[in-house]
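Structure, as structure tokens:
Each reported figure results from applying straightforward, stated rules to the coordinates on display, with no laboratory input. The structure presented is a predicted model; accordingly, all values stated were derived computationally and were not measured. Note: ideal-geometry Cβ built from the backbone for every residue, glycine included; neighbour counts use all protein chains shown.
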Amino acid sequence: MSEDAARLMGRVRERDSDAFEALYDTHYRLVRGVALRMLGDAAAADDVTQTVFLKVWTAPELFRTGNFAAWIVRVTRNRALDVLRSRAQQGACELPESLPELDGIEDVALARIDAAQVRSALADLPAEQREPIELGFFGGITHEEMARRSGIPLGTIKTRIRSGLRRLRSALDTAVRA
Amino acid sequence: MNDHPMLDDIALYALGVLPAKRAASDDPNAVCAETVRAHLATCAICRKEYADLGPAANLIGLAAEAPADDAARDRIKARIMAQVRRESVVPLRRPERRGGTTRSVVWPAYLVAAACFVFALISTISNLALVGQLRDVKTQLAQTQAHSSSLARNLADERTTLADVMDANAKHYAITDGEVITRGRRIYVALHDLPEPPRGHVYQAWTLPKDAKAMKPSVTFVPDARGLAVIALPVDAHATDAVAVSVEPDGGSKAPTTKPLFVVPLS
Ligand SMILES: [Zn+2]
């Protein structure tokens, strides 16, 4: 799937609107799903979906290589974080500005992973690891905010996130090999 | 587990939960994305950890893929494709302006799409389905041109503004009804739902140079008929600590004479 998407993106760069439409059809569920999970309301999720795909069309050069789905999720998360920030109506916000640049560390081994495999790998994590990971990714809050809200010590949260990500990584590796 | 003190922070960085930067008032030892990035450049142990965890973290979003929804797919697609399916060059007529002349301009397709994107961005922020109502790109751009002088002034400026506002590396500082956006050394103020200033008055932007005690006057502007304004500030973002906007008499003031609508510290 990601191979096809990368090829379609090549055509989008040449202003091929059919290729763009095909990309939309295969990825709107992902973009809208992430936005919906983060924002919790359909109208806002639709707006973010529109914004993200217009960005794909207007600035396709921002995607270089690697897993297109992972890239478009990152773009979606950043736009949804903007909306969360504007809802908070705070000038100085503690939310992370963006996901880290992953260029150069894209992992070919994980390029073909699909939603069901990720869902299952996440579901297999112990709740104490899965919860801070999901809250951080979809809730857009910092680890410090998690500690404040839950009363769990900062160091414990950090360790649980790291252990959870390690476990997730190995579960995804196993899923790919299966 | 603590074989290397920074490893837990690498996981936080990979997940995207670290603050981008720390305020000067924070604990100087507290970690942020910026310090992790700097550390990654120098530490092979952490680079290896990041190479392991980063791709896994980046796939978490896949778990949220929504079930197929043909109605939603088609509804959003109609909004997007209306803006995408355009010829390479779209001729447009400038709308009538008060006492002005009417002339034709030609907008390249990428600018059409980019302008639509800015509107989409603003509508997303304001949580209005603005773009959904703007089905016709000609109408939309006519409005853009008539109402947003900074977007309409000249193509070169527009290109820079739009590229900056869209850029993934731009920083967005949310304010009520808008954003202050920095990209590299440039600063923009994007406002919506801005009421017309009282008669004989304008809005004026203010900037606080680093290490300065007083705000310096910047550009004056008025919003469009829908209350929209996108303004580029002619100062260096790296040398600026804060941005503000206030209502001032026509022609602007040397120092703010009214309480600013907002003051945004730039980190
Ligand atoms: Zn290290």
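Relative contact order of chain A, please, whole-number percent, based on alpha carbon pairs below 8 angstrom and at least 6 residues apart.
21
Which net charge results for the neighbourhood of residue A:44, defined as the other residues with beta-carbon distances under 15 angstrom from its beta-carbon, given Lys and Arg at +1 and Asp and Glu at -1?
Local net charge: +4.
Relative to the present Cα-Cα distance, how much length would full extension add between residue B:199 and residue B:211 at 0.36 nm per residue of separation?
Working it through step by step, the gained length comes to 0.8 nm.
Relative to the present Cα-Cα distance, how much length would full extension add between residue B:29 and residue B:74 at 0.36 nm per residue of separation? The partial results should precede the final answer.
Details: separation 45, 0.36 × 45 = 16.20 nm, distance 5.00 nm.
Between residue B:29 and residue B:74, full extension yields 11.2 nm more.
Starting from the amide H of residue B:262, placed 1.01 Å from N in the peptide plane, find each other amide H under 5 Å away whose residue is 5 or more places distant or on another chain.
B:245
Once label points are set 7 Å from the Cα along Cα→Cβ at both residue B:48 and residue B:176, what is their separation, rounded to one decimal in nm?
Going by the 7 Å Cα→Cβ label model, 5.3 nm.
Report ³J(HN,Hα) in whole Hz for each residue of segment B:200-213, in order, from the Karplus equation J = 6.51 cos²θ - 1.76 cosθ + 1.60 where θ = phi - 60°; Gly and Pro get x.
Result, rounded to whole Hz: x, 10, 9, 8, 10, 8, 10, 10, 10, x, 4, 6, 8, 9.
Show me, for segment B:244-259, the HN-Hα J-couplings you get by feeding each phi into the Karplus relation (A = 6.51, B = -1.76, C = 1.60, θ = phi - 60°), rounded to Hz, glycine and proline as x.
Once rounded to whole Hz, the list reads 9, 9, 9, 8, 9, x, 2, x, x, 10, 7, 9, x, 10, 10, 5.
Residue by residue, what Karplus-based ³J(HN,Hα) values in Hz, rounded to whole numbers, does segment B:61-67 have, using 6.51, -1.76 and 1.60 with θ = phi - 60° and x for Gly and Pro?
In residue order, the calculated couplings are x, 4, 5, 8, 3, 7, x Hz.
Looking at chain A, which longest stretch skips every one of the trypsin sites (Lys or Arg not before Pro) that is in a DSSP loop with at most 15 other Cβ atoms within 10 Å, leaving the sites themselves out?
The segment A:113-178 is the longest one with no such site.
Would you mind calculating the relative contact order of segment B:171-265 from Cα pairs under 8 angstrom and at least 6 residues apart, reporting the percent as a whole number?
In percent, rounded to a whole number, it is 30.
Which residues make up the longest stretch of chain A clear of GluC sites (Glu not before Pro) that lie in a DSSP loop with no more than 14 other Cβ atoms within 10 Å, not counting the sites?
Counting at most 14 other Cβ atoms within 10 Å as exposed, the longest clean stretch of chain A is A:15-100.
Helix A:68-88 versus the longest principal axis of chain A: what angle, 0 to 90°, nearest 10, using Cα atoms?
Taking the Cα atoms of chain A, the angle to A:68-88 is about 60 degrees.
Modelling each spin label as a point 7 Å along the Cα-to-Cβ direction, I'd like the residue A:127/residue B:169 distance in nm, to one decimal.
4.4
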